[in-house]
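Below is one structure, written out as structure tokens, with a few remarks after it.
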Amino acid sequence: MTDRYAVVGNPVAHSKSPTIHAAFARATGQAMTYERLLAPLDGFADTVRAFEAAGGKGLNVTVPFKLQAFALAVHASPRATAAGACNTLKLEADGWHADNTDGIGVVRDLSRNHGVSLADRDVLILGAGGAARGIVLPILGEKPRSVSIANRTESRAEDVAARFSRDGMVTPLPVAALAGRTFDIVLNATSAGLAAGATLPWPRGLFRPGAFAYDLVYGDGPTLFLRWAGAQGVTRMADGLGMLIEQAAESFRIWRGVLPDTAPVFELLRPTARA
Ligand code: ATR
């Protein structure tokens with residue numbers, strides 16, 4: 001039987017993961033299928049069990065099941081444990097193993113695709129939800145000069161800083177305290193800006209000359225955060241499409257033991273974006 005993989009979520013119809021993994025499988029000569037699985041909001045575990053019974057070997061997990069996937073697994077990698085969330089499940093002899101490739105996806109996209117080094121940089125993470133938690137550990141691993149985190153709900157930023165205190169220094173900042181401060185790399189890990197007519201809650205002027213703006217979200221055009229940065233003179237920026245492709249490549253490596261080349265897939269999904 002051909003090994004089966006899938007992305008599970010709700011909603012999941014919009015997911016680009018099947019296109020990405022089909023391209024990886026073609027390029028690396030792997031015999032596998034990759035599909036979309038729509039799980040009922042109250043039926044994540046049942047959906048995973050049914051997939052396993054039908055020959056499923058691995059899953060990407062998306063909204064809103066990343067915490068449930070972590071809880072369901074019999075084993076979790078250090079980066080999944082650090083994030084408290086799982087975007088990649090792999091079936092092993094003893095059950096499902098959890099990993100989290102979101103953070104390495106951001107770091108690889110920045111370093112390999114955009115030539116941005118985090119080393120010795122002052123980094124600001126906006127947001128303190130699951131997406132923010134997923135990127136803190138890999139960012140600390142790049143040895144930035146400082147990592148600050150600011151969130152609308154201040155206590156959540158403090159919780160994230162405390163959670164990673166053994167891994168490195170993360171400074172929680174109240175949003176109001178951002179005024180007058182500047183950073184080399186600013187990452188938007190919030191969902192602020194997704195709603196129609198949204199405005200962004202942060203003070204202007206966060207970007208140093210030459211700063212890089214990164215939005216973990218992606219869309220058909222520049223996101224609100226990137227337009228906001230651009231209006232302040234920022235010229236170096238990227239949305240989260242590259243992160244999506246890089247995290248997929250790392251999931252593929254976990255499942256199949258081969259890390260695929262991501263550049264052709266970026267061209268496939270956004271032909272005009274990169275020279
Ligand atoms: P995810 O898993 O995508 O991170 P989440 O855990 O619900 O989802 O987190 C969403 C993040 O976006 C949080 O940091 C949230 O701030 P709060 O912790 O204060 O809720 C942030 N967020 C969402 N809408 C926002 C808005 N309009 N302004 C500022 N921050 C917002």
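The values are calculated or read from the model by the stated rules, or taken from the named source; none is laboratory data. Quick caveat, the model's predicted, so the values are computed rather than measured. For neighbour counting, all protein chains shown are included, and Cβ atoms are generated from backbone atoms with ideal geometry for every residue, glycine included. Side chains included, ligands, DNA and RNA excluded: accessible areas come from the protein's heavy atoms. Shrake-Rupley method; radii C 1.70, N 1.55, O 1.52, S 1.80 Å.
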(request) Return the percentage of antiparallel bridges among DSSP beta bridges fully within the chain, rounded to the nearest 5 %. (result) 20
(request) Hey, can you grab everything whose amide H is under 5 Å from the amide H of Val8? Only 5+ residues off in sequence or another chain; H modelled, so Pro and N-termini drop out. (result) Leu37, Asn60, Val61, Thr62
(request) For helix 44-53, report the angle its Cα long axis makes with the longest principal axis of the Cα atoms of the chain; keep it between 0 and 90° and round to the nearest 10°. (result) 40
(message) Can you compute 3J(HN,Hα) from phi for each residue in segment 183-190, using the Karplus curve 6.51 cos²θ - 1.76 cosθ + 1.60 with θ = phi - 60°, rounded to whole Hz and x for Gly and Pro?
(response) 9, 8, 9, 10, 10, 8, 10, 10
(message) For a quick check of understanding: with a 1.4 angstrom probe and all protein chains in place, what accessible area in square angstrom does His97 have, to the nearest ten?
(response) 40
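Nothing charged except the Cβ atoms of Lys and Arg (+1) and of Asp and Glu (-1): what's the magnitude of the dipole of the chain about its Cα centre? Round to the nearest 20 debye. Don't jump to the answer; show the numbers that get you there.
Details: 28 positive and 25 negative charges, 94 e Å.
I would put it at about 440 debye.
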(request) Measure out, as a whole number of angstrom, how far apart the alpha-carbon centroids of segment 202-275 and segment 19-57 sit. (result) 25
(request) Output ³J(HN,Hα) for segment 120-126: one whole-Hz value per residue in order, computed from phi by the Karplus curve 6.51 cos²θ - 1.76 cosθ + 1.60 with θ = phi - 60°, and x for Gly and Pro. (result) 6, 9, 8, 10, 10, 9, 9
(message) Can you list residues from other chains, or at least 5 along the same chain, whose modelled amide H is less than 5 Å from the amide H of Asp167?
(response) none
(request) Give me the angle, in degrees from 0 to 90, between the Cα long axis of helix 154-163 and the longest principal axis of the Cα atoms of the chain, rounded to the nearest 10. (result) 60
(request) Work from the charge dipole of the chain (Cβ charges, +1 for Lys and Arg, -1 for Asp and Glu, about the Cα centre) and give the residue of Val234, Ala176, Thr47 farthest towards its positive end. (result) Val234
(request) Taking only protein heavy atoms into account and a 1.4 Å probe, give the accessible area per residue of the chain in Å². (result) 45
(message) Output wanted: per-residue J couplings in Hz (rounded whole) for segment 211-220, from phi through Karplus 6.51 cos²θ - 1.76 cosθ + 1.60, θ = phi - 60°, x for Gly and Pro.
(response) 5, 10, 9, 10, 10, 5, 7, 9, x, 6
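Quick one: how many lysine pairs does the chain have with C-alpha atoms less than 23 Å apart and a gap of 8 or more or different chains? Give me the count, please. Present the calculation step by step, with values, prior to reporting the outcome.
Details: Lys16/Lys57; Lys16/Lys66; Lys16/Lys90; Lys57/Lys66; Lys57/Lys90; Lys66/Lys90.
Within the chain, the lysine pair count is 6.
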(message) I'd like the chymotrypsin sites (Phe, Trp or Tyr not before Pro) in segment 224-275 restricted to DSSP loop residues with at most 10 other Cβ atoms within 10 Å, sorted by number.
(response) none
(request) Give, in nm to one decimal, the length gained when the segment between Arg227 and Ala22 is fully stretched (0.36 nm per residue of separation minus the Cα-Cα distance). (result) 70.6 nm
(request) Name the residues whose placed amide hydrogens come within less than 5 Å of the amide hydrogen of Ser148, ignoring near sequence neighbours (fewer than 5 apart) on the same chain. (result) Val123, Leu124, Ile125, Thr171
(request) Can you tell me the 0 to 90 degree angle between the C-alpha axis of helix 241-256 and the longest principal axis of the chain, rounded to 10? (result) 40
(request) Send over the Kirkwood Rh of the chain, from the inverse of the averaged 1/r over different Cα pairs, rounded to one decimal Å. (result) 19.2
